[in-house]
1. Can you work out ³J(HN,Hα) from phi for every residue in the stretch 123-133, in order, using Karplus 6.51 cos²θ - 1.76 cosθ + 1.60 and θ = phi - 60°, giving whole Hz and x for Gly and Pro?
2. Would you kindly derive the ³J(HN,Hα) couplings of the stretch 48-61 from the backbone phi angles with the Karplus curve 6.51 cos²θ - 1.76 cosθ + 1.60 (θ = phi - 60°), listing them in order in whole Hz, with x for Gly and Pro?
3. Among K82/K135; K107/K135; K48/K142; K82/K111; K82/K107; K74/K135, which pairs are too far apart, with a Cα-Cα distance over 19 Å?
4. Compare the peptides 64-72, 167-175 by average per-residue count of other Cβ atoms within 10 angstrom and give them in order, highest first.
5. Sort 103-111, 27-35 for me by packing, meaning the mean count of neighbouring Cβ atoms within 10 Å per residue, highest on top.
6. Compute and list, largest first, the equivalent-ellipsoid semi-axes of the stretch 84-153 from the alpha carbon gyration tensor, each √(5λ) rounded to a whole angstrom.
7. Between L20 and S128, how high is the FRET efficiency from 1/(1 + (r/R0)^6) when r is the Cβ-Cβ distance and R₀ = 41 Å? Nearest 0.05.
8. Tell me, what HN-Hα J-couplings in whole Hz come from the Karplus equation 6.51 cos²θ - 1.76 cosθ + 1.60 at θ = phi - 60° for each residue of the stretch 72-80, using x for Gly and Pro?
Amino acid sequence: MGFDQFKKSRLLGVGKGAVLVLAGVIIGVLGVVMIVFRHQPSQSDLNKIRQQYTVQYITSEQTRLGINCHALRKTLQDFLVKDIRPTLQVRQPTQDWTRYFSQDARKRMGKLRDDYFACGALYRAAQSAQWDGFKDLDFTGKLDKEIITLNTLVGFGETGDDESLRAMQDAVGNIERRLASE
């Protein structure tokens, strides 16, 4: 065997080896791609995972904030009955009504406002994840104006004029109607 013959057989061997390595790499890549596609979660699986995460998030947020969103409707109704209605009933025309709200009632109003908006955000998260566990909070987001009005008048009301009283009566009436209808 001459030098040229040896060179050709050696080159042919290297070529065959390179083809085999390239074929192995291609087969390996195809195998990995098939495994990835085969084990990729379906859209249904992804939705279930998202929903589970959302439920965990909602539960942990309620614990962190110290609230029970499912009790928000009752808490709001109780606040209106125990703190707001008595003031609206005893107040006389042209009489300053802000003095009837205790400091404790003002603090409860602030907490109620915070809870309302926090539960509203959690309700929207539940809706986004298509979780029905918070459907009883569908009133959140529909009473923003009324809650802000109450918070402003109860928490910061400096004058109890007739116009402010009408705004409070309207807000209370709207809240009561919305809570009763849903």
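1. Calculated HN-Hα couplings, in order: 4, 5, 5, 5, 4, 4, 8, 6, 9, 7, x Hz.
2. 5, 4, 4, 5, 4, 4, 5, 4, 4, 4, 4, 4, 5, 5
3. From K82/K135; K107/K135; K48/K142; K82/K111; K82/K107; K74/K135, over 19 Å: K82/K135; K107/K135; K48/K142.
4. 167-175, 64-72
5. Numbers: 103-111: 14.6, 27-35: 10.0.
Listed from highest to lowest mean packing, they are 103-111, 27-35.
6. Over the Cα atoms of the stretch 84-153, the semi-axes work out to 32, 11, 9 Å.
7. Taking R0 as 41 Å, the efficiency between L20 and S128 is 0.20.
8. 4, 4, 5, 4, 5, 4, 4, 4, 5
The values are calculated or read from the model by the stated rules, or taken from the named source; none is laboratory data. Bear in mind the structure is a predicted one, so any value in this text is a computation, not a measurement. No Cβ is skipped: glycine too gets one built from the backbone with ideal geometry, and neighbour counts run over all protein chains shown. Side chains included, ligands, DNA and RNA excluded: accessible areas come from the protein's heavy atoms. Shrake-Rupley method; radii C 1.70, N 1.55, O 1.52, S 1.80 Å.
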